[in-house]
Structure formats: C-alpha cells, structure tokens
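Chemist: First, the structure itself, so that you have it in front of you.
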Amino acid sequence: MEHTITEDEAALYDRQIRLWGLEAQHRMRNASILIAGMRALSNEVCKNIILAGVGSITILEHESVIEEDLGAQFLLRQEDIGRNRGEAAAEKARLLNPRVKVIVDQEDIAQKPDSYFTQFNIVCLTGCSPEQSIRIDNACRESKTGLYAAGVHGFFGYIFCDLTHHEYREDVQETSVEKGKEPEITIAHRSQDYDSLSSTLETCWGYPKPKVLKRKVSPLFFAIQILWLFQLANGGRLPLASSQDDIEALLKLRDERLKSAQVDSAFVDDDLLQTLAGTASAEIAPVCAIVGGFLAQDILKTLSGKDAPLLNYFLYSGLEGTGLVHHVQKSA
C-alpha cells in the first residue's frame, strides 16, 4: 500500500523536502531497503536512512552479539550479548524514527534464494563474502534492483554501487547571464549505466605506468580484492598481522591478482597489504561513520532520483584521510 506524506511528516522532513522536493520524499517514504549484515558500518547506514524517513528497512542477520561488537556498534548494549544482532539493533533503531518500519530477518543470507532480494528497492550488503556479493548482484541486475556492497577493514573502507540503469534529474544553471539578471535554472533528465561487480573485478588494465593508473584507480581497489581472495582460500577468515604465513599468502595473491589484471605488482606495495592485514577485522568508529555517511547519502540520492549517484566505487583510506570515487568499467 502506497503511503502519502502527511502534514506532520511534511513538517518533520521540511529541510529534506526543500532540498529534494516533495516527490523525492514521497519516493523515499515508500521505499523498501534491505540491510544485510549488522556491523558498525550498517549501524551508521540504518541511523541515517531511518532519520531520513524511508518506508521500511529489513535487517538480515543470523549471528549473535559478541563482546567485540560493542566497541563501535552504537545500537548495541552490554545486555545484548548472546542475542541476535539484528533483533538487538532493531530495538534501538526503531526509537530513532517510529514512522519507519524496521523488520528483522534472522536467516542466513547464504540460504536466501535469488528471488528474495528482488522484493526490495535497494539491497545494501555490508561485510558480505565476495561470492555472495557477486551472486546477489547478478540477481539484482535481473530485476533492476539497486545494489550496494560495502565494508570497512580497520583504516580502510569501500563501497560498490550497481544500479544497472539509473535515470535521474539534475539542476542545470545557465552559464552566460546578462549583468544584473538572475541565472535561469532548468531541469535536465539524465541516465547512467552500470557494470556488474564480477565484470569490474575482471577488468584488464594493460600494464599502464603506475602514475597513469593512479589517476584511474586507487591501489586500495586491488588491495580489497586481494583480501577477498585470501578469504576465499581460507574459509572466510581474515588474515592475522601476527602470522607471517598470512602475510606471505597475501603477497603471493597480490602478484597473481595483479598479473591477471595486467598491472605492475609494485602498484600495491607491501606496506599497504601489511597495514590492511593488521586491522582487517577491526571496526574503527570514525572510519565507519565516514563510509557509512557516504553510503547512506548515496542510497537516499538514488531513491530521490535527484542528481547522479555513485558510479561505481568509493574507496576510503583513514591513514591518508582521502575518499576517492572511481568509475571502473569492464574490459572492452
């Protein structure tokens, strides 16, 4: 059933409506979003999109709260240890905005059929395994459901966006204006196409010079892929900084991955991989807040249909304090 914006909601979301317009707020108010995986990153995403007034959020999480979760997950408390993560977080999330329906699904994402994901407007995967991310992305492309896959590993974070084909509106300001006359603003209708997650991971770069390649993509793009390959080869676990075997395995995977991508192995240096390995399992609150804020903002931008969303990678380094957007296209 479609929800119509009430007078109370119009007053509550007044600032957003002034920014996006009533039609955009109406679309958000009727949107259904899946948040798969309850981590510190998804705490941030849930907070921001619930406060924005979306229609409903479904939290998909089968694991229980452990003591380590309390460090950066502000939706959890000490007394939640042992409870389902999604159920515990949902109780606090509902208090942020009672108008938003928060649903909890305690099944394992690996057991969900492809058809499950197509019922949502947006699917947001956080900390999901690479094989599940690729499977779900392919399912979402079939139904043109928007997908975001994101994660935070210590000082580093990433977001991948695949909207298949997205149409949006953009305000265009007149450039040549007579003196004393206000510039005219017109609305332009634009669109952009997206490549699948699997195709961007298979891109061949043709051995460009490192300086040239850095203008196209960050070394972190490959470092995250190497981390995924390590997980695939080790039953899903993350590397340990104290394990020399793990570090050597990462370096070997680096050489193999960059060779297949036609990238010089020096492009991803040893220090980057060692630092990534050293904090891979950590959830650092400020990093989660920055990446989660960007992710939530982009989800809302997609739902609103106003301005261009992320195309298609956002890579954040907390060590450098930089967040870079890269458009990675499949090989021709």
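The values are calculated or read from the model by the stated rules, or taken from the named source; none is laboratory data. Please read these numbers as outputs of a predicted model, since none were measured by experiment. Cβ: placed from backbone, ideal geometry, glycine included. Neighbour counts: every protein chain shown. The accessibility values were calculated without ligands, DNA or RNA, using every heavy atom of the protein model including side chains. Shrake-Rupley method; radii C 1.70, N 1.55, O 1.52, S 1.80 Å.
Chemist: Could you check segment 280-316 and list, in sequence order, the residues that are farther than 27 Å from Lys330 by Cα, open to solvent by less than 10 Å² (accessible area, probe 1.4 Å) and part of a loop (DSSP other than H, G, I, E, B)?
Modeler: Selection gives Ala280 alone.
Chemist: Checking the conditions here, which among Leu125, Leu147, Leu75 is touching a residue at least 12 places away in the same chain (Cβ under 8 Å), buried (at least 21 other Cβ atoms within 10 Å of the Cβ) and touching an Asp or Glu at 6+ places or on another chain (Cβ under 6 Å)?
Modeler: The unique qualifying residue is Leu147.
Chemist: Looking at (1) in contact with a helix residue (DSSP H, G or I) (Cβ under 9 Å, 6 or more places away or on another chain); (2) without any contact (Cβ under 8 Å) to a residue 24 or more places away in the chain, find the lone condition where Leu95 falls short.
Modeler: So Leu95 meets the others, but not (1).
Chemist: On to the next question. If you take the residues of segment 154-180 that are over 24 Å from Asp195 (Cα atoms), in a strand (DSSP E or B) and open to solvent by 20 Å² or more (accessible area, probe 1.4 Å), which of them is modelled with the lowest pLDDT?
Modeler: Out of the qualifying residues, it is Gln173.
Chemist: Sort out which residues of segment 235-270 are among the basic types (Lys, Arg) and in contact (Cβ under 8 Å) with a residue 24 or more places away in the chain, and write them in order of number.
Modeler: Arg254, Arg257
Chemist: Restricting segment 243-279 to residues that are surrounded by 13 or more Cβ atoms within 10 Å (Cβ to Cβ) and among the hydroxyl-bearing types (Ser, Thr, Tyr), which is modelled with the highest pLDDT?
Modeler: Thr275
Chemist: Provide a single number: the residues in segment 317-330 that are touching a residue at least 40 places away in the same chain (Cβ under 8 Å) and either within 20 Å of Asn43 (Cα to Cα) or assigned to a strand (DSSP E or B) (or both).
Modeler: Looking only at that region, the number is 4.
Chemist: Here's a follow-up. Do we have any residue at all in segment 199-214 that's open to solvent by 10 Å² or more (accessible area, probe 1.4 Å), within 24 Å of Ile35 (Cβ to Cβ) and either in a strand (DSSP E or B) or polar (S, T, N, Q) (or both)?
Modeler: no
A quick yes/no check of all residues on (1) at pLDDT 95 or above; (2) surrounded by 16 or more Cβ atoms within 10 Å (Cβ to Cβ); (3) part of a helix (DSSP H, G or I):
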site: Arg94; (1), (2), (3): yes, no, yes
site: Val102; (1), (2), (3): yes, yes, no
site: Glu107; (1), (2), (3): yes, no, no
site: Ile136; (1), (2), (3): yes, yes, yes
site: Ala139; (1), (2), (3): yes, yes, yes
